[in-house]
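The values are calculated or read from the model by the stated rules, or taken from the named source; none is laboratory data. Note that the coordinates shown come from a computational prediction; the quantities given were computed from them, not determined experimentally. We place every Cβ from the backbone using ideal geometry, glycine too, and count neighbours over all the protein chains shown. Accessible surface areas use protein heavy atoms only, side chains included; no ligands, DNA or RNA. Shrake-Rupley method; radii C 1.70, N 1.55, O 1.52, S 1.80 Å.
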Amino acid sequence: MYIETVPNRGSRPAYLLRETKREGARVVKHTLANLSKLPDDAIATLRQALKGVKLCEATKSFSVKSTIPCGHVKAIRRAMERLGMSELVSSKPCRERDIVLALIAQRLIEPCSKLATSLRFRLSTVGADFGLGEDVDENDVYAAMDWLAGRQSFIEKKLASRHLDNGSMAFYDLSCSSYYGTHCELAKRGHNRDGLDLPAVEYGLLTDREGRPVSVQVYPGNTGDPKTVPDQAAKLKNSFGLDRIVLVGDRGMLTGTQIDELRDDGTFGWISCLRSNDIRKLLEDRDPSDAPLFTKGCLAEISHPDFPGERLVACFNPFLKEDRGRTRNELLAATEQRLVRLQASAARRTKKPMTDGEIGEKIGRRIERYKMAKHFTFEIKNGNFTFARDEESIAHEQALDGIYVIRTSEPAGKLTADEAVRAYKSLGNVEKSFRTFKGVDILVRPIRHRTTDRVKAHIFLCMLTYYVEWHMRRALSSLMYGEDDLPAARACRDPVAKATPTSESRRKKKTGVSVDGFPLLEWRGIMATLGTIARTTITVNGVPVVMDTEPSEHQSRIFRLLAAEASCWNRRCAQ
């Protein structure tokens with residue numbers, strides 16, 4: 001017997017229960033019943049029964065044992081495979097390597113403490129997909145970190161061989177993270193860039209031209225920026241074996257003393273920026289009969305005997321001039337308000353007037369709040385004081401508004417003036433990496449470790465995490481906010497003028513969708529979208545069956561972009 005579906009023009013088809021018999025040379029159908037009035041699910045059940053399928057009550061035969069997210073883990077593993085992360089961390093398979101890769105994946109999904117990470121391995125497929133098993137605890141994680149710390153130099157050499165060549169540029173900058181504790185030898189009070197009155201741990205990051213991290217080095221929190229430069233120079237020359245490299249750093253990093261040492265070495269070129277005092281001296285030393293600097297655009301190459309063998313590229317940005325002027329006026333006004341309140345407070349002290357020393361101390365705290373001490377004059381007398389703006393000092397500083405000077409050792413045949421300015425501005429890629437380190441994506445802080453080696457391993461692990469995220473962001477740029485054509489736009493637009501969004505960036509902000517019609521997301525949105533793909537374990541009559549959710553069109557697009565041959569996957573990574 002079987003059920004046959006008979007079309008009925010525009011109406012619901014007829015469902016007939018039939019059997020066939022052979023009568024001589026003919027096969028004859030006999031209709032046993034008309035099932036058309038039965039609901040569709042009853043017809044489907046009867047059809048399965050006639051085929052010999054054993055039917056039973058679903059609630060008794062099926063049970064869902066577990067459901068855990070797996071889509072984001074799949075995407076990260078795919079990116080790691082494209083980057084050759086296993087080979088990068090260690091050419092020989094071992095348990096520590098698997099744990100380190102799992103730590104990177106978990107930090108991309110949900111950064112947290114190492115203790116919490118070891119527990120979260122089982123809340124997604126990270127533990128299973130990276131072959132960790134069920135017995136990984138915090139002791140295994142700490143052992144893997146200790147192992148990673150011992151391999152840092154080897155891994156950084158591999159990264160340098162991928163992304164730095166002789167004659168290329170290396171970009172270097174320093175940042176710090178506050179330390180909430182008392183037992184770490186690296187945590188020292190110094191210049192805390194977080195703006196907090198806390199000890200900090202400093203770390204210097206080397207990247208290539210596009211912002212890929214290559215190396216990170218940790219320093220005590222009271223280390224001055226210039227003192228870290230010799231370590232980076234030695235690493236580039238001796239550890240990475242580069243015969244010629246151009247080091248790019250800001251003016252607080254590549255000071256005159258450091259540049260003199262780089263010049264004496266002969267291995268290094270440099271690109272940096274002059275301090276305001278040097279710029280003022282350059283302008284004051286110019287012959288009054290010389291033509292104005294910026295008559296033919298916003299760039300002008302100059303020379304000065306104080307900078308022998310260097311090219312100086314003066315730049316003028318009208319937008320920066322306006323911004324600095326506005327900011328200065330706001331800070332001056334805010335400082336004056338604080339001083340006026342102090343004047344009123346001192347005038348009220350008639351029974352016990354303030355001493356001149358007390359007033360001077362209070363004035364000092366107020367004028368240092370906004371760093372405006374140089375723009376005010378004071379007269380303290382008889383328990384009160386008067387103040388006024390130093391207009392000459394303000395005009396002196398105002399003359400430099402919007403002007404900055406790039407200094408470089410590279411000749412014009414190798415590096416044009418426009419390229420020198422663009423290269424210096426590319427330091428913004430290092431600053432972007434620090435924002436990602438400290439933001440919700442990676443959460444380098446709070447630093448929960450006490451020993452020096454563990455702190456260094458933690459920061460190096462964060463660098464490797466950013467390395468994977470950098471490439472994933474580049475591959476998925478068409479599905480995320482931001483300018484996916486930014487490198488090309490930077491190469492052709494005016495290096496000095498205020499940057500304007502590209503047409504693609506404006507379209508994204510206006511529509512909120514990609515060219516393919518998918519909603520644009522931030523990094524956490526990408527991870528959340530992929531996290532809805534789950535791995536479910538079901539038992540059917542006691543037999544376990546594992547199934548993954550079918551990805552949506554949006555999720556499939558993400559996987560295709562990660563698998564596509566794209567420019568962000570450096571070809572040497574796969575070799």
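Quick notes on this one:
- With respect to the stated conditions, residue 45 fails to be open to solvent by 50 Å² or more (accessible area, probe 1.4 Å) and not in a helix (DSSP H, G or I).
- Taken as a whole, the condition of being open to solvent by 10 Å² or more (accessible area, probe 1.4 Å), at pLDDT below 95 and more than 22 Å from the chain's Cα centre (by Cα) applies to residue 515.
- Close contacts from the range 244-264, counting a first residue that is without any contact (Cβ under 8 Å) to a residue 60 or more places away in the chain and a second that is surrounded by 15 or more Cβ atoms within 10 Å (Cβ to Cβ) and assigned to a helix (DSSP H, G or I), with Cβ to Cβ under 6 Å and a gap of 6+ residues or different chains, come to 252/225; 255/226; 258/226; 258/229.
- Scanning the range 496-512 for residues that are open to solvent by less than 50 Å² (accessible area, probe 1.4 Å) and either in contact (Cβ under 8 Å) with a residue 60 or more places away in the chain or touching a helix residue (DSSP H, G or I) at 6+ places or on another chain (Cβ under 6 Å) (or both) returns 496, 497, 502.
- In the range 358-395, the residue that is least open to solvent (accessible area, probe 1.4 Å) out of those that are under 30 Å from residue 322 (Cβ atoms) and free of Cβ contacts under 8 Å to residues at least 12 places away in the same chain is 373.
- Remark: pairs (first residue in the range 170-198, touching a residue at least 40 places away in the same chain (Cβ under 8 Å) and among the β-branched types (Val, Ile, Thr); second residue surrounded by fewer than 20 Cβ atoms within 10 Å (Cβ to Cβ) and not in a loop (DSSP other than H, G, I, E, B); Cβ separation under 8 Å; 6+ apart in sequence or on different chains) are absent.
- Screening the candidates 28, 53 for the property of being open to solvent by 60 Å² or more (accessible area, probe 1.4 Å), among the β-branched types (Val, Ile, Thr), more than 24 Å from residue 137 (Cα to Cα) and more than 22 Å from the chain's Cα centre (by Cα) yields one hit, 53.
- The lone criterion from (1) more than 15 Å from the chain's Cα centre (by Cα); (2) of a type in the set (Lys, Arg); (3) modelled with pLDDT under 90 left unmet by residue 438 is number (1).
- For residue 74: the one exception among (1) closer than 20 Å to residue 442 by Cβ; (2) in a helix (DSSP H, G or I): (1)
- When 324, 338 are checked against the criterion of being in contact with a Lys or Arg (Cβ under 7 Å, 6 or more places away or on another chain), part of a helix (DSSP H, G or I) and open to solvent by 40 Å² or more (accessible area, probe 1.4 Å), a single residue qualifies: 338.
- Scanning the range 465-502 for residues that are in contact with a strand residue (DSSP E or B) (Cβ under 8 Å, 6 or more places away or on another chain), over 28 Å from residue 402 (Cβ atoms) and among the aliphatic types (A, V, I, L, M) turns up 479, 480.
- Hey, residue 65 touching a residue at least 60 places away in the same chain (Cβ under 8 Å), open to solvent by less than 80 Å² (accessible area, probe 1.4 Å), of a type in the set (D, E, K, R) and within 30 Å of residue 125 (Cβ to Cβ) or not: no
- Counting only residues that are touching a residue at least 24 places away in the same chain (Cβ under 8 Å), open to solvent by 70 Å² or more (accessible area, probe 1.4 Å) and closer than 25 Å to residue 108 by Cβ, the range 526-553 holds 2 of them.
- The condition (being in contact with a Ser or Thr (Cβ under 9 Å, 6 or more places away or on another chain), of a type in the set (Lys, Arg), over 30 Å from residue 125 (Cα atoms) and not in a helix (DSSP H, G or I)) is satisfied by just one residue among 22, 12: 12.
- Meets criteria (within 22 Å of residue 173 (Cβ to Cβ), at pLDDT 90 or above and surrounded by fewer than 20 Cβ atoms within 10 Å (Cβ to Cβ)) for residue 431: yes
- The range 77-97, residues that are hydrophobic (A, V, I, L, M, F, W, C) and in a helix (DSSP H, G or I): 79, 80, 83, 85, 88, 89
- When we screen 436, 408, 350, 355 for residues that are more than 25 Å from residue 330 (Cβ to Cβ), open to solvent by less than 30 Å² (accessible area, probe 1.4 Å) and out of contact with any strand residue (DSSP E or B) (no Cβ under 9 Å at 6 or more places or on another chain), the only hit is 436.
- Residue list for the range 242-260, restricted to those being open to solvent by less than 70 Å² (accessible area, probe 1.4 Å), part of a helix (DSSP H, G or I) and of a type outside the set (S, T, N, Q): 256, 259
- Residue check: residue 398 meets all listed conditions (1) touching a residue at least 40 places away in the same chain (Cβ under 8 Å); (2) within 30 Å of residue 465 (Cα to Cα) but one, namely (2).
- Of everything in the range 261-274 that is within 21 Å of residue 414 (Cα to Cα) and part of a helix (DSSP H, G or I), the residue that is least open to solvent (accessible area, probe 1.4 Å) is 262.
- Filter result (under 26 Å from residue 319 (Cα atoms), open to solvent by 30 Å² or more (accessible area, probe 1.4 Å) and either in contact with a Ser or Thr (Cβ under 9 Å, 6 or more places away or on another chain) or of a type in the set (A, V, I, L, M) (or both)) within the range 411-428: 424
- The conditions of being surrounded by fewer than 21 Cβ atoms within 10 Å (Cβ to Cβ), in contact (Cβ under 8 Å) with a residue 24 or more places away in the chain, closer than 30 Å to residue 220 by Cα and in contact with a Gly (Cβ under 9 Å, 6 or more places away or on another chain) are not met by residue 454.
- Candidates 493, 448 - the one that is farther than 30 Å from residue 245 by Cβ and either modelled with pLDDT of 95 or more or open to solvent by 60 Å² or more (accessible area, probe 1.4 Å) (or both): 448
- Per-region count, the range 363-389, residues basic (Lys, Arg) and part of a strand (DSSP E or B): 2
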